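The values are calculated or read from the model by the stated rules, or taken from the named source; none is laboratory data. Just so we're clear, the structure is a prediction, and the values are computed from it rather than from any experiment. In this analysis, Cβ positions are derived from the backbone assuming ideal geometry, glycine residues included, and neighbour counts consider all displayed protein chains. Just the protein is used for accessible areas: all its heavy atoms, side chains included, with ligands, DNA and RNA removed. Shrake-Rupley method; radii C 1.70, N 1.55, O 1.52, S 1.80 Å.
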Amino acid sequence: MYSETTIVTPEASQQPLLEGQLVINVGPQHPATHGVLHLVITLEGETIIKIEPHLGYIHRSIEKMSESLTYRQFIYVTSRMDYLSAHINNLACAMCVEKGMQLEVPERAQVIRIIMSELTRIASHELWIGAMAMDLGAFTPFFYTFRERETINDIMEQTCGARLTMNYMVPGGVMYDLHPEFVARVKSFVAQFKSKVSELEDLVTDNIIFRNRTVGVGVLSKEDAISYGCTGPVARASGVDGDIRKRFPYSGYEKLEFEQCIDTAGDSFARYIVRIREMYQSIHIIEQLIDAIPEGDFQAKTKAVIKLPKGEFYTRVETARGELGVYIVSEGATTPYRIKYRSPGFSNLSALNHMAKGSKIGDLMATMGTLDLVIPDIDR
Amino acid sequence: METEVLKTYFSALEPLATFEEGGEWLMVQVPAPNWKNIARKLITERNFDFLFCVTCVDFKTHLTMVYHLRSMQTDETVVIKIQLNRDQPEVATVSDIWRTAEFHEREAFEMFGVQFTGHPDLRKLILPDDFEGFPMRKDFEDPINMIKL
């Protein structure tokens, strides 16, 4: 199924280096890793022979922590996993609890959840473009993208009370109703985004230096993307049509009209362009909903103490990075017996060695940058 | 309907397989020694090419490996479970069939102590190299860092 890769046997990994080979460490503190990721890279000249990621510098064992927290509490620890899609992580957990309780979520809450998720996705992609362009030596896009991201953060702060770890989801709906100014501010953001994103595209998309550094770099084939378990924009840039919002719609995505952005090149530039197109689709989704937020409850009535029946529950959502799965094993108590978070970054990172092998060390920043690694999401 | 087809398929493939229903997907329990052969057949015959979640659960009396498999063409999903002895958990690796299993198995190895035979590079991934014990097991206690369930 997948292209042949050499298998490193335990003996082989302890073999001494061949003549002319060199081992260098990227990280744990490195400006291009955006977090504490440690890569041990074996080089021959400037060519990458092997990349070994060393993880765990910010491992907090969120899975173990969740085992001792109640079904109302554990949702908010997951904001600290992928802090750029905090909303969507919370949503996945809330949905898993709702699935176990067989709870119907009011329509107003579902619409609010989608709008919030899409705003989060735009904010996350904006940050990524700025940071990635900076890795490749362009400083200006960072300021452009942060201007839009700041507007979203302000909107979030007004309604949720926090800018980054929003903690807005509860089982059965959302925690508070929308701020009275919410609709007007989102509308003005949509207008601002549409007029300003072209500036960003002029600056980055058609930039000859940017194209030279990303086109044809870090190619991942469709078969490999599936075999390595890649999801999200990384897989879609390789031609995998695995958007959870389309294939397994949740929270009312099935009623909306939007496109799944797919590219087939599989290189770093394709991953960039997929994310840019995704931001337009998110804006399109928000435009469909912002004038049609239904009236009614924003939260379903639930008991103070939630108990899930004995069994197993799995939900998945599409975060800005890919498929986040929450797997709960319940023994019928007030706390989960076991929780597993299938984080998108963990699987995407496992493909890095395969993608970067044989390329030059200078291209690693483009390959790694376009994977959009968020380290707390990988370590958990 | 779909479940019935899968059930017939699994009964023919593995006479010892037992089924659990009631969840969202069909859950199949297979014996550990036959897992590798079943895995090879699943990807070639039924096209289960996307292994999206691999994890281990500690049930105090035994460990259970849980594999969530999906076919990217048909969206058919199946959950494979393998019961392991808690004192000597050992199961064959599937990292040569689904590459994503390589990292997930390393995580299960360090957190639960499951030995994956034939794994290309079975070392600790997240924990420090000198860490002792298997922190995700239910009986793990760490008085210094105050970890206790």
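For the peptides A:97-106, A:80-89, residues were scored by their other Cβ atoms within 10 Å and the scores averaged per peptide; the highest-first order is A:80-89, A:97-106. If you plug the beta carbon distance of B:ASP130 and B:THR74 into 1/(1 + (r/R0)^6) with R0 = 51 Å, you get a FRET efficiency near 0.65. Look at where the Cα atoms of the stretch B:78-149 and of the stretch A:297-325 average out, and the two centres are 26 Å apart. Shielding value for B:119-128 is 5, the average number of Cβ atoms from other chains within 10 Å of each residue's Cβ.
Give me the inter-chain shielding for B:49-59: mean count of other chain Cβ atoms within 10 Å, whole number please. Intermediate values should be presented prior to the final figure.
Values: counts 5, 10, 5, 9, 11, 4, 9, 2, 6, 3, 4.
Mean number of neighbouring Cβ atoms from other chains: 6.
Peptides B:126-132, A:266-272, A:297-303 ordered by packing proxy, namely the average of other Cβ atoms within 10 Å per residue, highest first: A:266-272, A:297-303, B:126-132. With a Förster radius of 35 Å applied to the C-beta separation of A:ILE58 and A:LYS246, the computed FRET efficiency comes to 0.60.
Residues considered: A:GLN260, A:GLN21, A:GLN110. Largest GNM mean-square fluctuation over chain A, using C-alpha springs under 10 Å, is found at A:GLN21.
Label point of A:GLU19 set 7 angstrom out along Cα-Cβ; within the stretch A:37-67, amide nitrogens under 20 Å from it belong to A:43-47, A:49. Ordering A:PHE269, A:THR78, A:VAL183 by Cα displacement along the dipole of the stretch A:62-379 toward the positive end leaves A:THR78 in first place; charges were set at the Cβ atoms of Lys, Arg (+1) and Asp, Glu (-1).
How big is the antiparallel share of DSSP beta bridges in the stretch B:21-102, given as a percent to the nearest 5? Write out the running numbers ahead of the final one.
Working: 17 of 21 bridges.
Given both bridge residues lie in the stretch B:21-102, the antiparallel proportion sits at roughly 80 percent.
Think of chain A as having a plus end and a minus end, set by charges on the Cβ of Lys, Arg, Asp and Glu; of A:HIS125, A:HIS59, A:ILE209, A:HIS59 sits farthest toward the positive end of this dipole. Here the label points at A:GLN288 and A:GLU201, each 7 Å from Cα along the C-beta direction, are separated by 2.0 nm in the simple model. Site pair A:HIS179 and A:ALA191 shows an inter-label distance of 1.8 nm when each label is modelled 7 Å from Cα along Cα→Cβ.
Which length gain, in nm to one decimal place, applies between A:PHE143 and A:LYS357 when the Cα-Cα distance is subtracted from 0.36 nm times their residue separation?
Working: separation 214, 0.36 × 214 = 77.04 nm, distance 3.28 nm.
Computed gain between A:PHE143 and A:LYS357 is 73.8 nm.
What is the calculated FRET efficiency for A:SER68 to A:ARG211, with r their C-beta to C-beta distance and R₀ = 45 Å, to the nearest 0.05? List each step's numbers first, then the result.
On the way: r = 50 Å, r/R0 = 1.12.
Approximately 0.35, to the nearest 0.05.
Just so you know, the Rg over Rh for the protein assembly as shown is 0.95, from Cα atoms, with Rh as the Kirkwood radius.
Accessible surface calculations at 1.4 Å, restricted to protein heavy atoms, place chain A at 37 Å² per residue. Counting Cβ atoms of other protein chains within 10 Å of each Cβ in A:333-343 and taking the mean gives 3.
With the simple spin-label model, which puts each label point 7 Å out from Cα in the Cβ direction, the B:THR117 to A:ALA304 separation comes to 5.4 nm.
Please report the relative contact order for the stretch B:3-149, taking Cα pairs under 8 Å with a sequence separation of at least 6, and give it as a percent rounded to a whole number. Display every interim value, and only then the final one.
On the way: 245 pairs, mean separation 25.2, N = 147.
Result for the stretch B:3-149 is 17 percent.
Here the stretch A:209-251 and the stretch A:112-168 have alpha carbon centers that stand 22 Å from each other.
In the stretch A:96-226 the Cα-Cα distances spread across 10 Å bins starting at 0 as 11, 32, 26, 21, 9, 0 percent of all pairs. For the peptides B:64-75, A:323-334, the ranking by mean Cβ contacts within 10 Å, running from highest to lowest, is A:323-334, B:64-75. Could you list, in their original order, any pairs among A:LYS99/A:LYS187; A:LYS194/A:LYS246; B:LYS81/B:LYS138; A:LYS64/A:LYS307; A:LYS222/B:LYS41 whose Cα atoms are separated by more than 30 Å? Result: A:LYS99/A:LYS187 exceed 30 Å.
In whole angstrom, how long is each semi-axis of the equivalent ellipsoid of the stretch B:2-117, when you take the square root of 5 times every eigenvalue of its Cα gyration tensor and sort them from largest down?
Working through the eigenvalues yields semi-axes of 22, 16, 13 Å.
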